[in-house]
Amino acid sequence: MKQRIRNRDTKYEAQSEGFVSSLQNYSAEEFRGDSRDRRSSALPDLLLRFAVIGVCIAVLGYSVYMIADKLAADYRAERAYEDIRASEEEYSPVRHALDLPEPKEMLTVQQMLDAGGEYEDYVPSDYVPEDEKAHYASIYRNFLKLSAQYPDMYAWIYMTDTKVDYPVMKHNYGNPGKKPDNEFYLKHNYKGVESAAGSISADVYLNDTFYANRNMIIYGHNMKGNLMFHSLKLWCEDDKNRSMIKTSQIEIYTKEGVYIYRILGWYIDNSRDFVQQNFSDEADFLNFVANANKKAGRNKSGIEYNSESRVCTLITCTSGDPNNPYRYVVHGILNSFLSFDSEQ
């Protein structure tokens, strides 16, 4: 037993001596060299981490700057339009449609029979309720004043139940000798100054005489913050607004007077059928309106129309695939027209 223990101790002593002797083969310089190698290999990793953190901070800072700059630009753009709107102190915004008034004189059945069908069609009265006169007159006066300053100002659009209350520009409307450009007012405000928000604008190929257009096409950016035609997106996408389709109206102020449209319907589409301006005959026009009604589906008002009707079409972009662009499209049918003395 003692012999086995002695042999084991001898074995351990030999292994210990071998380990010690192996350590003696290394110099102090070699030990220090290993430490330096470890430190030198850790340094690039540390620098890389700092570089990545620095890049992340820079990207974050730039993103915050861009967001702040965009918000500031949107605020300035809206402020520019806020300054030229008619003062709300002058009128109470209309929240219901203006129905066609009763005729001034209605023939009796006997008078119709006696006339044998030879009588003039009734002409609607130009009567406007007193509480609505200030609304129409103030926007009309404001438009006339501004259109004298800005020759490309074609009209003014106001849409109830939304924040749409803007001038409608038409490029080179005031300079008919120059080539018009539909892109211009997508990138410039009503003063002609570059702006990401752009302006609400009429298609440049429309007739300069407003009533001559069977389909009045008006474009506007879908800007966040309820700028430009962003209200249309919110209005179209909220099912609660479907109940307002019977009462909402589009008012377009021109030098001739105010064209008031009732909502026909709205939809999202990428076919571009909605920009048709010229119609070969009455059947072609009726087919256009019927197609718009079909696309609107349950988002239509059911308002009546005929071959003599006039349509306005409001268009703004969606946030979909830029290579297959869809548009929010709102159609209105002309319901009535109001004329004013220019002195009003």
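The values are calculated or read from the model by the stated rules, or taken from the named source; none is laboratory data. Owing to the predicted nature of the structure, the values given are computational and were not obtained by experimental measurement. As a convention, Cβ positions derive from the backbone with ideal geometry for all residues, glycine included, and neighbour counts pool all protein chains shown.
Assorted remarks:
- Members of region 193-243 found to be within 26 Å of Asn278 (Cα to Cα), in contact with a strand residue (DSSP E or B) (Cβ under 9 Å, 6 or more places away or on another chain) and not in a loop (DSSP other than H, G, I, E, B), listed by number: Ile200, Ser201, Ala202, Phe210, Tyr211, Asn215, Met216, Ile217, Ile218, Tyr219, Leu232
- When the criteria are applied in full, Ser309 meets the requirement of being in a loop (DSSP other than H, G, I, E, B), over 24 Å from the mean Cα position of the chain (by Cα), closer than 17 Å to Asn335 by Cα and not charged (D, E, K, R).
- Unique residue being among the charged types (D, E, K, R), surrounded by 15 or more Cβ atoms within 10 Å (Cβ to Cβ), modelled with pLDDT under 95 and under 20 Å from the mean Cα position of the chain (by Cα) when the list is Lys300, Lys233: Lys233
- Asn323 vs. criteria at pLDDT below 90 and over 30 Å from Tyr140 (Cβ atoms): yes
- Pick from region 155-165, criterion under 14 Å from Thr254 (Cβ atoms) and in contact with a helix residue (DSSP H, G or I) (Cβ under 8 Å, 6 or more places away or on another chain), ranking: surrounded by the fewest Cβ atoms within 10 Å (Cβ to Cβ): Tyr158
- Inter-residue pairs, beta-carbon under 8 Å, first farther than 21 Å from Ser201 by Cβ and in region 301-319, second of a type in the set (Asp, Glu) and part of a strand (DSSP E or B), 6+ apart: none
- Within region 185-204, the residues that satisfy the criterion of being under 10 Å from Lys170 (Cβ atoms) and surrounded by fewer than 21 Cβ atoms within 10 Å (Cβ to Cβ) are Asp203, Val204.
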